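For reference, the structure discussed in these notes is given below.
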Amino acid sequence: MTSGEKQGSTGQKVWYLTTPIYYPSDNLHIGHAYTTVAADALARFHRLKGEPVWFVTGTDEHGQKIAQKAQEAGKTPKEFVDGIVSFIRDPLWKTLGISYDRFIRTTDPDHAQVVQNVFEQLLAQGDIYKGTYEGWYCLPDETFWTESKLVDGKCPDCGRPVERVQQDSYFFKMSRYQDRMIEYILSHPDFIQPTSRRNEMLSFLESGLEDLSISRTGMSWGIPVPHDPEHVIYVWFDALVNYLTAAGYLEDPDKFARTWPPNVQLVGKEIVRFHTIIWPIILMALNLPLPERVFGHGWLLIGDTKMSKSRGNAVDPIALTKKYGVDAVRYYLLREVPFGADGSYTEDALRLRINVDLANDLGNLLSRTTAMINRFAQGQIPEPHPSPKEIDRSLAKLAAEIFDEVDKAMQQLLISDALTQIYRLIHAANKYIEDRAPWNLAKDPAQKEDLDNVLYNLAETLRIVSVLLTPFLIETPQKIRQQLGLTHPVVSYQEAIFGQLQGGERINRGDPLFPRLELYSEPEEDKEAGRVVSASPSVTGVSAQDSHNAPEQVNEITIEEFQKIDLRVGTIRHAEVVPNADRLLKLTVFDGLRERTIVSGIRAHYNPEQLIGQQVVLVANLKPVKLRGILSEGMLLAGSDNGQLSLVAPVVKLPEGARVK
Ligand code: MSP
């Protein structure tokens, strides 16, 4: 059965998506929020496409670790988790705009019932048996380990000490399913994603699967084993079954028929093993279909280490949201790291995303477009005229392409790629303004139709951008629409098709979408890279010299002195971000004679793609310096005002190498 065929008695297909359920033992940090924000974007995307969605998240509340923490806090386990769980729902998930359909708690009564029923069924069919467990237990991970799997006597996953456990236990006969599991993974190439994790799991399985201890004695914080209350069910067995409970298994057969199996289960990479070996074997034993995909995403790192409370490097999502707004935080999480890979978090990188992508590329596009509509069309979006001009169809054509590309990327869970596609449209619209120069068209009444079309195309592109951004951002799409004079919120992905704006809508120019931020000061070496004439070393900062309000300090030079500076026109042929130096771009500039490399601190103002083909003025006889290990042979001229930086270029194109004097 494929998801496309999932039909219940009501005939309504449901797109079922889960995130792991969280331990309410620690404060959750942006690493945790990462999984859930990504899942939320996917859920919102599918809703926008008109599919009923069942998006589940929640809390994993049992286990020895929680019981211990509760004791330390002088509370009963239930009192302890109640407080934290309520915080997770509100303010945490509420602030981040997490639109879950069910928040499941493993302490919910329906869940205990389902877990006990599953246990009884597997016991009755011989997949669970009673024996004695002798081995090791990693408390922080709540994981059993046999002697042979330990690394230097420690937990092979987290490297922390393990404790010896010897007790009566129920076992889940995983070994019986080893071959079927290998066969399944091999015959379902999409089941475990990305592929690297699939290969890891295959080699884990091939090294031999042991039966799993699934009950503990000597503790009471858990779901009791039916008819043997000395034992509580192992926290991972209990937790994995949450996905069944949340889908209505045994309790609501009609809903279960519409929902099961999940289309996507998102998990962090360290719990892929639980979700692609133990979990599917539980389902096989119950004779239920397996999830279509389990996607193991990477970690948010601080430097080289995983962000985590115990390492003391956790970043608080609520504080971050208060400082930068929910959309900046969501955008950063979704865009910065390709989904699946690890990525380092830095606040500077977040600020850079806000400046470049949100304030500059998107914010300026809206502000320029609405300003021009005010100025050249009396504040009303003009009606389009039939136009033979190919260039006027360029945005419509690109929008159609992006409509498909975003859809394709989201189907493949390439969330960051989907945003990159949307930004292709935003960049193209910014370039279209430069190419069509509406301020010139406005000078000639004969060009009025042309001008109308340009303004319409820009407003329509922004409307489409507001639709495309709807799954990712919470407030911004509506803000864009308000400024465009559109009143209804986005309800369908089909609204991202070009040509739906009528014309005649009245613009409401408002505040900038995102405020531009100062970047933090940089190490000495990077300051060099901020060398753009008259811009401050901190690249986006406004120095005393570049503000027109600053007192002028006249420092006269002779013409001979000026002539020592060899200024030339060049063309940027290639541009890329310098790795680990987020505000630097490495540019290849053709100066008429040769290509030279120039490292420039303009990343906060320009995206690499935007610069290719751009003419610039460079200081050609500047002594080369090494920046971040790259030999920089020159410097670009730029002006800045109020944090806004603009490269200096000839008004009319000149041949490369032309002298500027
Ligand atoms: N309770 C288990 C999951 C049971 S699912 C049946 C658990 N909880 S957790 O709170 O420790 O982690 C929840 C999710 O947050 C996991 O997917 C985990 O990978 C993710 N993250 C926790 N720290 C993370 C980062 N630093 N970066 C990215 N995700 C990380 O595991």
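The values are calculated or read from the model by the stated rules, or taken from the named source; none is laboratory data. Bear in mind that the values here come from a model prediction, so they are computed numbers and not experimental data. With ideal geometry, Cβ positions are generated from the backbone for all residues, glycine too; neighbour counts draw on all protein chains shown. Quick note on the areas: whole protein, heavy atoms, side chains included, nothing else; ligands and nucleic acids left out. Shrake-Rupley method; radii C 1.70, N 1.55, O 1.52, S 1.80 Å.
Quick notes on this one:
- Matching residues, the range 625-661, being at pLDDT 85 or above, more than 37 Å from the chain's Cα centre (by Cα) and in a loop (DSSP other than H, G, I, E, B): 650, 661
- Residue count for the range 272-303 satisfying the condition of being buried (at least 19 other Cβ atoms within 10 Å of the Cβ), among the hydrophobic types (A, V, I, L, M, F, W, C), closer than 17 Å to residue 340 by Cβ and near the ligand (Cβ under 8 Å from one of its atoms): 2.
- Residue match in the range 235-247 (condition: more than 16 Å from the ligand (Cβ to nearest atom) and open to solvent by 10 Å² or more (accessible area, probe 1.4 Å)): no
- Selection within the range 25-78 - farther than 20 Å from residue 415 by Cα and of a type in the set (Gly, Ala, Ser): 25, 58, 63, 67, 70, 73, 74
- Residue in the range 54-74 that is among the basic types (Lys, Arg) and out of contact with any His (no Cβ under 8 Å at 6 or more places or on another chain) present: yes
- Selection within the range 180-234 - assigned to a loop (DSSP other than H, G, I, E, B), exposed (fewer than 12 other Cβ atoms within 10 Å of the Cβ) and modelled with pLDDT of 95 or more: 189, 227
- Only a single criterion out of (1) within 14 Å of the ligand (Cβ to nearest atom); (2) free of Cβ contacts under 8 Å to residues at least 12 places away in the same chain; (3) of a type in the set (S, T, N, Q) is not satisfied by residue 35, namely (2).
- Residue in the range 368-375 that is over 18 Å from residue 469 (Cβ atoms), open to solvent by less than 30 Å² (accessible area, probe 1.4 Å) and not acidic (Asp, Glu) present: yes
- In the range 463-499, the residues that are open to solvent by 80 Å² or more (accessible area, probe 1.4 Å) and within 14 Å of residue 381 (Cα to Cα): 482
- Look at the range 11-31: where a residue is assigned by TED's automatic domain parsing to the domain that holds residue 54 and touching a residue at least 12 places away in the same chain (Cβ under 8 Å) and a partner is near the ligand (Cβ under 8 Å from one of its atoms) and of a type in the set (D, E, K, R), sitting 6+ places away or on another chain with Cβ atoms under 8 Å, you get 20/60; 21/60; 22/60; 23/60; 24/60; 31/306.
- Hits in the range 304-320 - residues which are within 11 Å of the ligand (Cβ to nearest atom), in contact (Cβ under 8 Å) with a residue 12 or more places away in the chain and in a loop (DSSP other than H, G, I, E, B): 307, 308, 309, 310, 314, 315
- Exactly one residue among 405, 449 is of a type in the set (Asp, Glu), closer than 24 Å to residue 492 by Cα and in contact (Cβ under 8 Å) with a residue 12 or more places away in the chain, and that residue is 405.
- Members of the range 221-255 that are in contact (Cβ under 8 Å) with a residue 40 or more places away in the chain and over 17 Å from residue 171 (Cα atoms): 221, 242, 243, 244, 245, 246, 247, 249, 250, 251, 254, 255
- The one condition in (1) modelled with pLDDT of 90 or more; (2) part of a loop (DSSP other than H, G, I, E, B) that residue 579 fails to fulfil: (1)
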